[in-house]
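Structure first, commentary second.
The values are calculated or read from the model by the stated rules, or taken from the named source; none is laboratory data. In this text the structure is predicted, and so the values were computed from the model without any measurement. Don't worry about glycine lacking a Cβ; one is built from the backbone with ideal geometry, like all the others, and counts go over all protein chains shown.
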Amino acid sequence: MKSEKSIAWLLLFVVPLGFAGIWRMQRRIDAERASITEERDEVLLRSPKLVKAMSLEYAPLLADIYWTRVVQYYGNKHLRGQANLDLLWPLLDISTALDPNLVIAYRFGAMFLSQAAPGGAGRPDLAVQLIQRGIQANPEYWRLYEDLGFVYYFDLKDYQKASAAFLEGSKKPNALVWMKIMAAKVAAEGESFETSLFLWKDIYDTSADPSVKKNALMHLQLLTVKEDCKQLDALADEYAKRYGKRPSRMSDLVQAGLVRGIPRDPLGFAYVFGASEKTELNLDSPLLEKQLMIERFRKYVP
Amino acid sequence: MPDPAIEIENLTKEYPFGFLHLKKRTSLEGLSMQVEMGDVFGFIGPNGAGKSTTIKLLMGLIFPTAGSARILGKPISDVEMHRDIGYLPEQPYFYDYLTAAEVLDYFARFHDLTAADRKDRVDRMLKKVGLETARKIQLRKYSKGMLQRVGLAQAILHDPKVVILDEPMSGLDPVGRREVRDIILELKKDGKTVMFSTHILSDAETLCDRVGVIVGGKLRGVGAPGTLVDMKTLGMEILFELTKPSNVPLLSSATRTGECYRLQVPEQELYGAIEQLRGAGARILSVSQVKATLEEFFMNLVEADRAQGAAVEVSEQ
Amino acid sequence: MRRAGVVALNTFREAVRDRVLYNLVFFALLMIAASVAVGQISIGIEQTVIVSLGLSAISVIGLLISIFLGVALVSKEMDKRTLYALLAKPVRRSEFLLGKFAGLVLTLAVNTAAMALGLLLAMLYVKHSLERSDTVVLVAVYFILLKLALIVALALLFSCFTTPLLAILFTVGLYIAGLYVQELRNLPIEVMSPPMSAFTKWLSYLLPNFENFNVMAMAAHGRVVPGALILQNTLYTVVYCTIVLTAAAAVFSRRNLK
């Protein structure tokens, strides 16, 4: 019919034009609002007990929602390189209070609460508290002991407690045998390259969470860099002993037959000798920025 | 020759139904007919025959699957044409929070009328349909018959050239029916074209210039009520009483109602039958002609339809 | 247009004669009055509490009216068959829809204004005087009205092609989704697959963004809303409503009434 058709034609114009307009306007509104509202991530209800009381019978569902907020919150902050992760703890606290069996939240929390800025909130104390709560609710889950040991080992540098956590975990069902070995090794040697490498590699291999995986990969790479630098410095010392002067570039080491080919970092960038005559990352390597960032923050963290 | 008031060509309406609307039910099948200017046209058929469907199609409330229709020479999709049409829906219902005067005033506002003209027309219409005493009462308190009157008033409020009424007599008491009949005749006198649907045949017989009979979604005949049916005498009817028991063979074909018997015989056998009955001691009460009526025509069609097993539409809804 | 106006006025009249509406407005005013009481026990932030509670009440009541009456606008007329006699008049179906929409928006405007007046009185009672910065409350009320208009348009669209119950569910669903559009945009899209992230981005612009209209926090703290935002939000609502109403008209003018 006539009027019907004309409206259908009108629709063909109105919808694309209209939404094009909506798109532009929305961007302007976003800009306008961004200028008037300061960045505020608010967790309205910080009391896990209250949230739980209000969730009726849907606590697990609500826990999932809070958990999604955790991931989102961390993702956002991380994306913008912001170091302030103040709300990570209340969000995790509520998520796990609502659903004590949400193991992934404890594990995620262990990683990012404990880690120093900018990768985490720099609160290993809260991480330990969270994991211990997780262990209480899920006493048979050995991975949580791994995480506890992890926090003690990397962030608190308490090798006694780390060893105890690994040992405790190794007694749980299905625990992998390396837990026991790790317990002994940490107790005997404290921090070592092999132990660190193994722990990060295990996290990288077993985690499904992309943030966790990315973080583990970065640590693995930096760990390798650290070890490479140490060995190259040793080789440079060897070179100095032989030739009476320090090598000025990596090719000196190759010519001396100390290394086969120019040594490269995990991303394929050649190492260089810096001003202090120590081995350093290439200026072009993206790993350099990460390394510097971690070191810079380490200075500020007590 | 002027345009017919209503022209319908091959109008068809199918309703999809069932899972994913895969099946179709035909409610109206290839309807073609015309209503001439100034005629009163009766649209007759049993419930669910497709009368309301046709009228709703004409009013643009539903859309045809195929075919077209014109009113006053304009296609039915033309909204402006509605200025000259009045419509009474079947079992009309109006905003129940309004009074009769308000609802009529509301409808009048869609026509280009001055405020004074509106008020004047609303008053006249309320008087015409006999609602002037109830004009200030909200429609939620109205009876079915009163709503029918409001519906009639709004249909003729704007002095339309064509008035289409869907079952205008239903829900009315004998007085109300009489009044509606008078209004239709008055419209005819004013030169309006009226099309109305009904399943009550006597209304159509007494009012219409022409009637169309629709059964099972198909038009079965159009014409003047007289020409549509063969008006020749079908036979004679004798009404009699028996004064004493008898076993005249004729009695077996008579029907008995109380003490009274009725017998229908062909015209040429009338006298022979009377002789026989008198011989049996019967008292003749009356003798009259039997003519075919629209009703019989109508009933025959329905019967034929049923006999064929053709699906009489379940519902127009 | 004139004919759409006639429909609009009648829709407004229907709402005015509907007692439910008064109950709702009364309830909102009661909540505003209660906020005065709550404000008195929350020392130091009386005004903040009154404004946020009052605006919330206006918004919630407005939402109830716009969703339920918005869906009923057309479906009730079809259900009760009041539409039949009307469409036989020289009225286009699109004019009817536009009139219904305008009528309910008018109703909402009057209701919201009444509730806003109540809120201002409550503020006056607590502060004994109103300042220039308090006009931000009126801006917030205006934004609520814009939001409600958009919801009415959506409810109208849904009621044109589905049952009232489903239309209500769809409208509520879209409203809730529209509140989280901002969140959708904040999702870490780099962890998603490219088609998924493109879909998310498109979706975030297609869905109505109800967060645009939320200035409650600013109003509660008496901060000024820039004029540009008022203009942009108005424009946004007009364009979005045009799209939705055109779609509704396209659907409705093809619909067979039963």
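Tabulated data for the structure shown
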| item | result |
| --- | --- |
| Qualifying positions in segment C:211-258 - facing chain A (nearest Cβ under 7 Å), of a type outside the set (A, V, I, L, M, F, W, C) and farther than 30 Å from B:Gly60 by Cα | C:Asn212, C:Pro226, C:Gln232, C:Asn233, C:Tyr236 |
| Residue within segment C:145-167 that is within 19 Å of C:Gly62 (Cβ to Cβ) and β-branched (Val, Ile, Thr) present | yes |
| Those residues of segment B:155-175 which are out of contact with any Lys or Arg (no Cβ under 7 Å at 6 or more places or on another chain) and either more than 24 Å from B:Glu7 (Cα to Cα) or at pLDDT below 85 (or both), in sequence order | B:Ser170, B:Leu172, B:Asp173, B:Pro174, B:Val175 |
| Pick from segment B:103-118, criterion surrounded by 15 or more Cβ atoms within 10 Å (Cβ to Cβ) and part of a helix (DSSP H, G or I), ranking: farthest from the chain's Cα centre (by Cα) | B:Arg118 |
| Helices (runs of 4 or more DSSP H) enclosed by segment A:86-192 - at least 3 residues per element that are surrounded by fewer than 22 Cβ atoms within 10 Å (Cβ to Cβ) and modelled with pLDDT of 90 or more | A:124-137, A:159-170 |
| Matching residues in segment B:144-164 - criterion: being hydrophobic (A, V, I, L, M, F, W, C) and outside any helix (DSSP H, G or I) | B:Leu157, B:Val162, B:Val163, B:Ile164 |
| Members of segment B:126-170 found to be more than 11 Å from chain C (Cβ to nearest Cβ), more than 30 Å from B:Gly73 (Cα to Cα), touching a strand residue (DSSP E or B) at 6+ places or on another chain (Cβ under 7 Å) and not hydrophobic (A, V, I, L, M, F, W, C), listed by number | B:Arg135, B:Lys136 |
| Out of A:Arg69, A:Arg24, A:Arg40, A:Arg33, sole residue that is at pLDDT below 75 and either touching a helix residue (DSSP H, G or I) at 6+ places or on another chain (Cβ under 8 Å) or within 11 Å of another protein chain (Cβ to nearest Cβ) (or both) | A:Arg40 |
| Residue in segment C:238-247 that is more than 16 Å from the chain's Cα centre (by Cα), closer than 23 Å to C:Ser94 by Cβ and in contact (Cβ under 8 Å) with a residue 12 or more places away in the chain present | yes |
| Scan of segment C:1-23 for residues that are within 10 Å of chain B (Cβ to nearest Cβ) and more than 17 Å from B:Leu104 (Cα to Cα), ordered by number | C:Arg2, C:Ala15, C:Val16, C:Arg17, C:Asp18 |
| Qualifying positions in segment B:76-104 - among the β-branched types (Val, Ile, Thr) and more than 26 Å from B:Met37 (Cα to Cα) | B:Thr99, B:Val103 |
| Unique match (being of a type outside the set (D, E, K, R) and without any contact (Cβ under 8 Å) to a residue 12 or more places away in the chain) among C:Leu138, C:Leu124 | C:Leu124 |
| Segment C:85-115, subset in contact with a Phe, Trp or Tyr (Cβ under 9 Å, 6 or more places away or on another chain) and away from every other protein chain (no Cβ under 14 Å), residue surrounded by the most Cβ atoms within 10 Å (Cβ to Cβ) | C:Leu104 |
| Matching residues in segment A:110-153 - criterion: being free of Cβ contacts under 8 Å to residues at least 24 places away in the same chain and closer than 12 Å to A:Leu92 by Cα | A:Gln129 |
| Any pair with Cβ under 9 angstrom, 6 or more apart, that starts in segment B:232-246 at a residue that is within 14 Å of B:Leu277 (Cα to Cα) and ends at one that is surrounded by 13 or more Cβ atoms within 10 Å (Cβ to Cβ) and at pLDDT below 80 | B:Glu237/B:Val290; B:Leu242/B:Leu251 |
| Selected residue (criterion: surrounded by the most Cβ atoms within 10 Å (Cβ to Cβ)) from residues of segment A:52-63 that are in a helix (DSSP H, G or I) and touching a Leu at 6+ places or on another chain (Cβ under 8 Å) | A:Ala63 |
